[in-house]
Amino acid sequence: MEDDKPWALLAEMSDRGNSEADLDIMHQHFQTICYEDFLQNQLLHGPKIEAVFVMNTRPVVEPSLLSSLPSLKVVANAGVGIDHLDVAYINSIGVKVTNTPGVVSNATADMALGLLLASARMIVEGHQIAVDPETTHIPRKPIGVEVSGSTMGIIGMGHIGHKIAQRGKGFDMKILYHNRSRRSVEDEQAVGATYCKNMDDLLRESDFVVLAVNLTPESRGLISHRELSLMKPTATLVNISRGLVVDQDALVKALQTGTIRAAALDVTHPEPLPRDHPLLSLPNALITPHIGFNTYTTRRKMVQMMVENALAAVKGQTIPNEVKPP
Amino acid sequence: MQCVCFAQCVRRLWRPAQARRLLKVTELHRSVRQLQHTKRNQCQVMEDNKPWALISEVGDEGFTEDVTDILRRHFHIVPHKDLLQNPLLYGPKIQAMFLWNALPLVEPSLLSSLPSLKVVVNGGVGIDHLDVPYINSVGVKVTNTPGVVSDATADMALGLLLASARTILEGHRIAVDPKTTRIPQTLIGVEVSGSTMGIIGMGHIGHKIAQRGKGFDMKILYHNRSRRSVEDEQAVGATYCKNMDDLLRESDFVVLAVNLTPESRGLISHRELSLMKPTATLVNISRGLVVDQDALVKALQTGTIRAAALDVTHPEPLPRDHPLLSLPNVLITPHIGTNTYTTIRKMVQMMVENALAALKGQPLPNEVKPK
């Protein structure tokens with residue numbers, strides 16, 4: 001009765017992390033109910049809910065959920081990728097969709113470089129040897145591949161791709177990029193990047209191929225047998241975009257046969273992979289569980305942006321980051 | 001004898017895999033196998049007059065095959081255990097000694113068994129394990145490999161920094177764990193972009209670390225025995241901290257890139273760690289002894305600092321019951337700062353050049369003089 005802040009629906013407790021900090025930010029402007037509680041009394045809670053906060057694709061926004069939320073004004077996503085949301089359908093029932101572009105770019109670009117370096121310099125293997133109870137002397141191995149002065153090929157030169165290029169330049173890497181459209185001369189010169197109109201050229205010349213595209217029907221399966229076979233056998237594939245951009249079976253084959261040297265993936269399909277998936281046991285595959293923007297600072301900024309977007313939608317104001325269907 | 005020479009020529013001209021195939025085809029495989037036996041060196045005595053060099057060993061703990069080829073083009077190689085078995089045969093022949101990972105140990109007893117030794121050729125730039133004045137006093141020069149190691153070492157520093165900050169090791173463990181059924185939401189790291197990097201030791205390697213940090217829009221502070229030029233500072237956007245304490249207080253990532261000297265030994269101890277932020281990470285690519293390890297263990301256990309990422313410890317490797325090995329907020333790699341195929345090749349090439357110059361009595365490209 002005392003609180004007339006609008007209501008927002010959240011995912012199940014177990015699907016969320018850093019709950020305290022996230023909730024504090026949300027509670028500045030919203031009252032929240034989690035999915036389990038909502039399910040216990042949909043008729044009571046449903047009509048109150050004006051916003052759904054989606055984090056790591058949860059809760060899953062399906063027609064059945066939407067139809068039980070008659071007052072819903074906005075589906076607010078934490079993160080920039082919205083391939084898991086049918087924006088056109090959601091808009092068609094009068095609900096807006098928002099995301100958090102820009103705020104995740106630094107952390108995601110940092111992750112791309114972190115994965116690249118960890119793979120190239122075999123940091124995980126090194127640590128395992130260093131702490132192994134059987135280690136009695138400093139071994140010659142592991143021996144990795146040079147990052148400084150090597151060639152980085154970025155596929156997808158958006159906000160995140162450009163920041164990846166900037167970081168690569170700090171290592172005196174030669175930067176190639178492929179994008180649906182060429183960037184401006186200033187953008188290219190800022191990071192010393194060379195446009196490859198033909199993606200095949202980028203694949204042939206790169207020591208590190210970094211995927212930073214959105215997932216769209218065009219980018220789905222973008223990297224398959226053919227593309228992997230064009231890459232150097234000493235090359236590394238780094239993926240911080242979406243698992244479905246890569247044909248995973250083709251990738252497994254390429255890693256097993258030495259068609260490419262290694263892969264470093266923050267994203268797979270599905271997430272997580274089934275426990276018997278071959279990628280999990282390949283020595284030349286480094287996998288992290290989609291933690292591309294997982295820093296305290298970035299998560300806080302992301303949740304703040306998500307809450308601001310939702311609040312604007314609920315109040316009928318201009319929404320900072322509305323996602324329109326393509 | 002003709003067969004032996006042919007095999008030798010083949011192995012010199014082709015890379016090992018191709019040479020093996022060629023010699024197999026010409027049915028000299030057995031001769032090659034014999035040559036790869038320890039008696040090989042004795043056969044070579046009859047051959048040509050390349051100078052002789054001592055190494056620790058060939059194989060997993062010494063020089064790998066691909067770089068041993070570079071050495072063999074110019075030298076007859078004697079692994080240390082062969083010298084020990086036959087000191088009177090090999091000792092007087094050896095004019096150069098190639099060190100890798102500080103082995104073989106350059107002790108007076110070894111030096112006295114090598115009357116023709118002209119040069120100790122170190123693989124790597126750090127020479128804290130060598131008593132340069134003593135070695136010079138017995139008429140032997142010392143060389144190292146500066147410059148060529150800097151890129152790979154700076155890359156390693158950033159690799160360790162990022163892996164620690166962004167929980168890559170823990171992430172991989174969870175991702176491949178048989179029990180993982182959901183994407184965890186609690187694996188949260190610290191921001192690198194826009195944070196403050198404090199570099200202690202702004203030499204060739206430290207400067208390259210600064211350059212890489214700048215690519216992440218990090219604020220760069222540095223402390224050095226002497227201030228760098230304005231151009232050097234501006235090139236990487238670095239700010240000098242005359243007082244190391246200020247750097248320790250303000251940095252999110254403290255990176256150690258000093259030489260090990262009597263002054264830098266134990267540079268980071270209880271007091272320095274307590275000045276650091278509790279959210280800060282210590283990265284060490286210099287030498288284990290620069291850090292008071294007991295103080296570091298305590299700081300990590302009590303949360304005085306967030307984490308440490310170390311490519312170097314003392315000793316190497318650590319005893320298997322050392323507390324650093326089991327702390328969750330420690331990332332350790334086994335001194336692989338220069339371990340790339342490209343950099344190792346360049347180091348060995350530089351070592352060979354230095355050794356040949358010493359043997360020819362020419363000026364040494366990279367002689368280490370005592371202070």
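The values are calculated or read from the model by the stated rules, or taken from the named source; none is laboratory data. Computed from a predicted model, the values in this text were never measured in an experiment. All Cβ positions, glycine included, derive from the backbone under ideal geometry; neighbour counts span all protein chains shown. We work out accessible area using only protein heavy atoms, side chains counted, and drop any ligands, DNA or RNA first. Shrake-Rupley method; radii C 1.70, N 1.55, O 1.52, S 1.80 Å.
Observations, loosely collected:
- Between 0 and 90 degrees, the angle of helix A:159-169 with respect to the longest Cα principal axis of chain A falls at about 30 degrees.
- Share of pairwise Cα separations in the range A:102-156, more than 16 Å, in percent: 56 percent
- Rounded to 5, percent antiparallel among DSSP beta bridges of the protein assembly as shown: 5 percent
- Entry comment: accessible area of the range B:305-371 is 43 Å² per residue, from protein heavy atoms only and a probe of 1.4 Å.
- Here is the interface size for A with B: some 5900 Å² of accessible area buried, both sides summed, with a 1.4 Å probe.
- Our analysis of the range A:79-194 gives Rg over Rh at 1.15, with the two radii drawn from alpha carbon positions and Rh computed by the Kirkwood formula.
- Per residue solvent-accessible surface (Å²) - the range A:181-233, probe of 1.4 Å: 54 Å²
- Among B:Thr313, B:Thr180, B:Thr340, the largest mean-square fluctuation in a Gaussian network model of chain B, built with springs joining Cα atoms closer than 10 Å, belongs to B:Thr180.
- In order along the range B:250-262, phi translates into HN-Hα couplings of 9, 7, 8, 10, 9, 10, 9, 9, 8, 6, 8, 9, x Hz, rounded to whole numbers, per the Karplus curve 6.51 cos²θ - 1.76 cosθ + 1.60 with θ = phi - 60° and x for Gly and Pro.
- Relative contact order [Cα under 8 Å, 6+ residues apart], chain A, whole percent: 18 percent
- Tilt relative to chain B, helix B:16-25 - C-alpha long axis, 0 to 90 degrees, to 10: 30 degrees
- When the helices of chain A are scored as -39500 (n - 2.57) per DSSP H run of n ≥ 4 and the total is divided over every residue, the value at 222 nm lands at -10000 deg cm²/dmol.
- Just so you know, the Cα atoms of the range A:152-257 work out to an Rg and Dmax of 13.0, 41 Å.
- Ellipsoid semi-axes for the range B:264-371, based on the Cα gyration tensor and the rule √(5λ), read 36, 16, 12 Å when sorted largest first.
- Area accessible to solvent at B:Arg173, 1.4 Å probe radius, in Å²: 130 Å²
- When the residues A:Tyr296, B:Tyr134, A:Tyr195, B:Tyr222 are ordered by accessible surface, computed with a 1.4 Å probe over the protein chains alone, the sequence from largest down reads A:Tyr296, B:Tyr134, A:Tyr195, B:Tyr222.
- 3J(HN,Hα) couplings calculated from phi for the range A:142-148 with the Karplus curve 6.51 cos²θ - 1.76 cosθ + 1.60 (θ = phi - 60°) are, in sequence order, x, 10, x, 10, 6, 9, 3 Hz; Gly and Pro show x.
- Reach of B:Lys179 by Cα under 28 Å, taken over lysines that are not fewer than 8 positions away in the same chain: A:Lys253
- Computed from backbone phi with θ = phi - 60° and the Karplus coefficients 6.51, -1.76 and 1.60, the 3J(HN,Hα) list for the range B:72-79 is 5, 5, 10, 9, 7, 9, 10, x Hz; x is used for glycine and proline.
- Near the amide H of A:Lys96, within less than 5 Å, lie the amide hydrogens of A:Val74, A:Val75, all on another chain or at least 5 residues away, with H placed in the peptide plane.
- Gaussian network model of chain A, springs between alpha carbon atoms under 10 Å - residue of A:Gly79, A:Gly158, A:Gly144 with greatest fluctuation: A:Gly144
- When the C-alpha to C-alpha distance is required to be over 20 Å, the pairs from B:Lys93/B:Lys346; B:Lys81/B:Lys360; B:Lys141/B:Lys360; B:Lys93/B:Lys371; A:Lys174/A:Lys197 that qualify are B:Lys93/B:Lys346; B:Lys81/B:Lys360; B:Lys93/B:Lys371.
- Contact order relative to length of the range B:258-297, as percent, for alpha carbon pairs under 8 angstrom and 6 or more apart: 61 percent
- Solvent-accessible surface of protein heavy atoms, probed at 1.4 angstrom with all chains present, puts A:Val185, A:Val209 in the order A:Val185, A:Val209, largest first.
- Distance cut-off 38 Å, percentage of C-alpha pairs in the protein assembly as shown lying past it: 44 percent
- Across peptide A:108-116, the average count of Cβ atoms from other chains found within 10 Å of a residue's Cβ is 6.
- Remark: chain A is approximated by an ellipsoid whose semi-axes, taken from the C-alpha gyration tensor as √(5λ), come to 39, 23, 18 Å, largest first.
- Point-to-point label distance, A:Asp276-B:His270, nm (Cα→Cβ direction, 7 Å offset): 5.6 nm
- Within chain B, percent of DSSP bridges classed antiparallel, to nearest 5: 5 percent
- Probe 1.4 Å - accessible area at B:Arg228, Å² to nearest ten: 60 Å²
- Legend: residues in the range B:136-178 shielded by at least 30 square angstrom of accessible surface upon adding the remaining protein chains to the isolated chain (1.4 Å probe, heavy atoms) are B:Asp155, B:Met156, B:Gly159, B:Leu162, B:Arg166, B:Ile168, B:Leu169, B:His172, B:Ala175, B:Val176.
- Shown for the protein assembly as shown: the carbon plus sulfur share of the solvent-accessible area, taken with all protein chains present and a 1.4 angstrom probe, equals 52%.
- Residue ranking by accessible heavy-atom surface, 1.4 Å probe, largest first, among A:Arg183, B:Arg271 comes out as B:Arg271, A:Arg183.
- Among A:Val104, A:Val75, A:Val191, the largest mean-square fluctuation in a Gaussian network model of chain A, built with springs joining Cα atoms closer than 10 Å, belongs to A:Val191.
- Using heavy atoms of the protein chains and a probe of 1.4 Å, the accessible area assigned to B:Val176 is about 40 Å².
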